[in-house]
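Beneath this line is the structure, given in structure tokens, with notes to follow.
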Amino acid sequence: MPRDHVQSAERSATGAGAPAGRTAGPGPAAGDAQTPFLELLARGASADAYEQPVLLARAEGQPAERIAALEHAKLLALRVRSELEGRRRREAELSALFETAHDLAGLRDLDAVLRAIVQRARSLLGTDVAYLSLNDPVRGDTYMRVTEGSVAARFQQLRLGMGEGLGGLVAQTARPYVTDDYFEDDRFQHTPAIDAGVRDEGLVAILGVPLMLGHHVIGVLFAADRRARVFEREQIALLGSFAALAAAAIDTANLLAETRSALAGLERANEIIQDRSAVIERASDVHDRLAELVLRGGGVHDVAAAVSQVLGGRVEFAEAAAAPARALQASCAQGHAVAHEDGWIAAVTAGGELLGALVLHGPPGLDPVDQRTLERAAMVTSLLLLARRSAAEAEQRVRGELLDDLLDARVRDPRLLRDRAARLHADLDATHVVLAARLEGAADADREADARRRLWAAASHLAATRHGLAAARDGGTVLLLPLAPGDTATDLARRTARQLAAAVHEPVTVGASAPLEDLTARPDAVAAAYAEGRRCLDALRLLGRRGDGAAAEDFGFLGLLLAGERDIAGFVDRTIGRVVAYDERRGTELLRTLDAYFACGMSPARTKDVLHVHVNTVAQRLERVGRLLGDDWQAPSRALEIQLALRLHRLSAPVRR
């Protein structure tokens, strides 16, 4: 295991900042319990090995505290191991794509590049077999070109007619197809020859994606297993990216072959040959630049800048919504860059998904090689965008896991919580507000599911930019956001409702809790605040204020009447809590004076008779109440809430005997 991964694992298991050899938990037992698991992490042991320290401790009859500490350390270590394996897997996928793109830039042997693509596809998808077929336009079928992991000769020599089998259907329709059990799947035209070859190879689950040049299918890239398996969306997209690289390799090889043929046939046209060579040299230069950008982690704007220098125009990346719609659709349909007004547009796609476009401003005409250079730049841009999306999705999952742990109070170690939050640039010691958000107005189930995904993505982006956390829960989204100085929970709820609604193009209702402090010191506080935020959300919807935002402080006792659960203690504390606390600290009788004051029709003169004190004493007490509750405490709406809180406080107090 790399040294930085080991250090990351030690930090996750023992807490950031703990010196080597010292205990990061509550006592020496915790540190001793973590040691065997850190050693397992350091040497990259299998998941089964993490059970051994616990089983050994039980066999030796060690104390229950020691066994509990080992169980806790095991769970932490397995979580760290899972995180490291996920990162290694994502790094391996991106590295393989970048290495393949680099091979394409320096293409010399088409067969070697195709074999590398098939080998890497098999390795990354973890399948038993991977293979690539090419279409034969003369015979009208598709045949095996490269296989990896195949053991059956008949399978390696298969030819599939258009529409026959899974591969023939992919080649005919130019669409990816996947089956988790080929012989039980009646979508495909089964033939004796194809079924015999597949049966010889023992294949069950098969995924096939088309190799496209423009809108023409030139072949199919496959990944297959000898057992039933469900291929995930990310795996289909990854194989689609490899298929795009394979098609580009074939296209580049064909282009080089055409160039060599032209050079041999045009020996008398030296000027034409030189011009052609210059164009190819320029294309090779941009390929090298793009490969270098990918390998050193450049962005889409770096790609645009590199292509601008080579093509002699200004290249910009545009989001799909900002690009000219008609030209973008034409580029998607044709699979090529298309001319538009004073420049060219090349669609940026991945696995059939439109991610944006590269727009070239300047030269009205492009040499075919320069046109292909722009198209390859669009392909590299799609790889970079997929890499960025993968990283963003990983961060979203980590933020959601931390908030889930806070909501469920699964982790109670303050130092561990702070360390996890710090890696996400979140400060759990700051004042936060819990917000419950829910979509409004989705007409059907499919549209609602899509809107929920967009709400989750928008909430995750908002949480990342605001140094907060977000998670999907209870059919909606919950956010934990820091409260800016001068802001109130109501301000934050309304602003969040507007921002999320603008992002998903649907009304979003947001209920907020009261501000929270010392989150790590009170493990149950986040769950209670979330319940309060949901009650505010319910109150807003019952009042017909869908698409709005509000906090508990906006409803007063109405929140008790409208919400699904009755937070009586919270209402009393928000309304007269400061007066109750003042009486308890100083032994005064402000609550008794308030009770008498309202009972006497808010008359100080009658109140002093009931309390048997001087009227000046009543006035002084009421002045103190005003300083604690605010100058508007005698306004009709506030007075009603205060009287209700007094009654609830009196009813909830223990009976004195």
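Observations, loosely collected:
- Within region 203-219, the set of residues being without any contact (Cβ under 8 Å) to a residue 60 or more places away in the chain and assigned to a loop (DSSP other than H, G, I, E, B) comprises just one member, V204.
- Within region 309-337, if we keep just the residues that are more than 32 Å from the chain's Cα centre (by Cα) and surrounded by 19 or more Cβ atoms within 10 Å (Cβ to Cβ), the residue that is modelled with the highest pLDDT turns out to be G313.
- Selection over region 600-624 of residues that are over 58 Å from the mean Cα position of the chain (by Cα), of a type in the set (A, V, I, L, M) and in a helix (DSSP H, G or I) gives a count of 6.
- Within region 372-400, being surrounded by fewer than 19 Cβ atoms within 10 Å (Cβ to Cβ) and either at pLDDT 75 or above or among the charged types (D, E, K, R) (or both) holds for R388, R389, E393, E395, R397.
- Of everything in region 170-201 that is out of contact with any Lys or Arg (no Cβ under 9 Å at 6 or more places or on another chain) and small (G, A, S), the residue that is surrounded by the fewest Cβ atoms within 10 Å (Cβ to Cβ) is A174.
- Test: residue in region 625-643 that is surrounded by 13 or more Cβ atoms within 10 Å (Cβ to Cβ), touching a residue at least 12 places away in the same chain (Cβ under 8 Å), more than 49 Å from the chain's Cα centre (by Cα) and in a helix (DSSP H, G or I): yes
- Within region 202-260, restricting attention to residues that are within 28 Å of A337 (Cβ to Cβ) and acidic (D, E), the residue that is surrounded by the fewest Cβ atoms within 10 Å (Cβ to Cβ) is E258.
- Long-range neighbours under 6 Å by Cβ, at least six apart or interchain, first residue closer than 15 Å to D141 by Cα within region 187-200, second in a helix (DSSP H, G or I): I194/G165
- Single match in S513, S460 (criterion: more than 24 Å from the chain's Cα centre (by Cα) and crowded, with 16+ Cβ neighbours inside 10 Å): S513
- Qualifying position, being at pLDDT 75 or above, over 22 Å from R79 (Cβ atoms) and loosely packed, with under 15 Cβ neighbours inside 10 Å, among A484, A437: A484
- Hey, V146 under 36 Å from the mean Cα position of the chain (by Cα) and modelled with pLDDT under 90 or not: no
- Considering A249, A228, A244, the condition of being modelled with pLDDT of 90 or more and under 25 Å from G165 (Cβ atoms) is satisfied by A228 alone.
The values are calculated or read from the model by the stated rules, or taken from the named source; none is laboratory data. Quick caveat, the model's predicted, so the values are computed rather than measured. So basically every Cβ, Gly included, is an ideal-geometry build from the backbone, and we count neighbours across all protein chains shown.
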